[in-house]
Amino acid sequence: VRLLLRALTTAEAPREAPPGLVGVHEAGIIAWATGVAEPAPRFGRDDLLEQHQLISRLHAQFEACLPARFPSWFADEHALRAEIRGRQAEFRTALDAVQGRCELAVTVLWDNPVDPVVPTEASAPGTRYLRERQQALVGSDRRRARARELADEIEHVAGADVVAVRRQVCPSAAVAVSAALLAPRGCADELIARLPRARDGVRILVNGPWPPYTFADTGADAGRQGA
Amino acid sequence: LAVWRPVADESPILRAPGADEMSLLELADRLLNRGVVLTGEATISVAGVDLIYLGLNVVLTAVENLHVRQLERP
């Protein structure tokens, strides 16, 4: 039976394993996984939602919960133990960083994902193309500047309640800002209520509190991703 | 997961995604792109994840990352 890892938690007071999960204890850390007998499962959307539900349950039960990237497989319990033993200091540091904290996802969506192109008066096709291209570039710069303003405003409104912020400006045509806020669990509801839901030309969606997916990376992960 | 598909006569970038769609895509992005990375036996095997849709870079990035990481494996 192979193990599909869900999350790491600190080994706090003895608790019953959440239904369907196996807890592998190693070096003061518990790795929560699901045993899967199927040799080559094909994952679908339900598997992703199940991953979120299981991690959310662990996050509710444990003060420090480090979600695993989906899907992370191990051949067996020994392989999982070896990985934890070899990187225990790194995992402990990451667990400390998210202890008692949760993630809020803030997504700012443009009301109109694309600026309308104003027809130019140029008669030559080449000139017309260049002017339209210029319009698009100016519009893109303007949107990017506006998105930065919105991201700054969100951080300002969130204020001192937020421990860390990661944000992407204009990650797609429809999205002005995609931000993740790491906040103490006790502040989450108040913070959600305080964040704006609309500004001129945009809608602002606030999701969560979620387990700290965005803040679960370790220094070693960042190195791997940058490779 | 909701999939943002363009309607028949619509370019994918012309329709703003709904709130529910966007929330699910943000969640999918986190599940696939973030979280702690452990080097398991076969970290990536998500060819069957039905995330194929048009237009949103967040999940496209996730899919691209999966391909890159698959290629990096010995």
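The values are calculated or read from the model by the stated rules, or taken from the named source; none is laboratory data. Nothing here was measured: the structure is a model prediction, and the numbers come from that model. Cβ atoms come from the backbone with ideal geometry, glycine included; neighbour counts cover every protein chain shown.
Brief remarks follow.
- Selected residue (only one of A:21, A:109 is modelled with pLDDT under 95, crowded, with 16+ Cβ neighbours inside 10 Å and in contact with a Lys or Arg (Cβ under 6 Å, 6 or more places away or on another chain)): A:109
- Which listed residue, of A:58, A:66, A:80, A:54, is in contact with a Cys (Cβ under 8 Å, 6 or more places away or on another chain) and either under 20 Å from residue A:24 (Cα atoms) or of a type in the set (Ser, Thr, Tyr) (or both): A:58
- Positions within segment A:88-97 being surrounded by 16 or more Cβ atoms within 10 Å (Cβ to Cβ) and within 10 Å of chain B (Cβ to nearest Cβ), in sequence order: A:91, A:94, A:95
- Selected residue [out of contact with any Phe, Trp or Tyr (no Cβ under 9 Å at 6 or more places or on another chain), at pLDDT 90 or above and surrounded by fewer than 20 Cβ atoms within 10 Å (Cβ to Cβ)] from A:85, A:133: A:85
- Residue that is farthest from residue A:189 (Cα to Cα) [pool: residues in segment A:103-136 that are in contact (Cβ under 8 Å) with a residue 24 or more places away in the chain and outside any loop (DSSP other than H, G, I, E, B)]: A:110
- When A:100, A:139 are screened for being surrounded by fewer than 16 Cβ atoms within 10 Å (Cβ to Cβ), over 30 Å from residue A:187 (Cα atoms) and of a type outside the set (Phe, Trp, Tyr), only A:139 passes.
- Residue among A:145, A:173 that is surrounded by 15 or more Cβ atoms within 10 Å (Cβ to Cβ) and out of contact with any Phe, Trp or Tyr (no Cβ under 7 Å at 6 or more places or on another chain): A:173
- From the options A:127, A:214, A:218, residue that is surrounded by fewer than 16 Cβ atoms within 10 Å (Cβ to Cβ) and among the polar types (S, T, N, Q): A:127
- Neighbours by Cβ (under 7 Å, 6+ apart or cross-chain): first from segment A:42-55, at the interface with another protein chain (Cβ under 8 Å from one of its Cβ atoms); second of a type outside the set (Asp, Glu) and in a helix (DSSP H, G or I): A:48/B:28; A:48/B:31; A:51/B:31; A:52/B:27; A:52/B:31
- Residues of segment A:112-124 classified as surrounded by 14 or more Cβ atoms within 10 Å (Cβ to Cβ) and farther than 25 Å from residue A:153 by Cβ, total: 1
- Those residues of segment A:56-79 which are buried (at least 16 other Cβ atoms within 10 Å of the Cβ) and away from chain B (no Cβ under 11 Å), in sequence order: A:57, A:58, A:59, A:62, A:64, A:77
- Residue count, segment A:156-170 (criterion: surrounded by 13 or more Cβ atoms within 10 Å (Cβ to Cβ) and either within 14 Å of another protein chain (Cβ to nearest Cβ) or without any contact (Cβ under 8 Å) to a residue 24 or more places away in the chain (or both)): 7
- Check on residue A:140, polar (S, T, N, Q), touching a Ser or Thr at 6+ places or on another chain (Cβ under 6 Å) and either within 14 Å of another protein chain (Cβ to nearest Cβ) or over 23 Å from residue A:54 (Cα atoms) (or both): no
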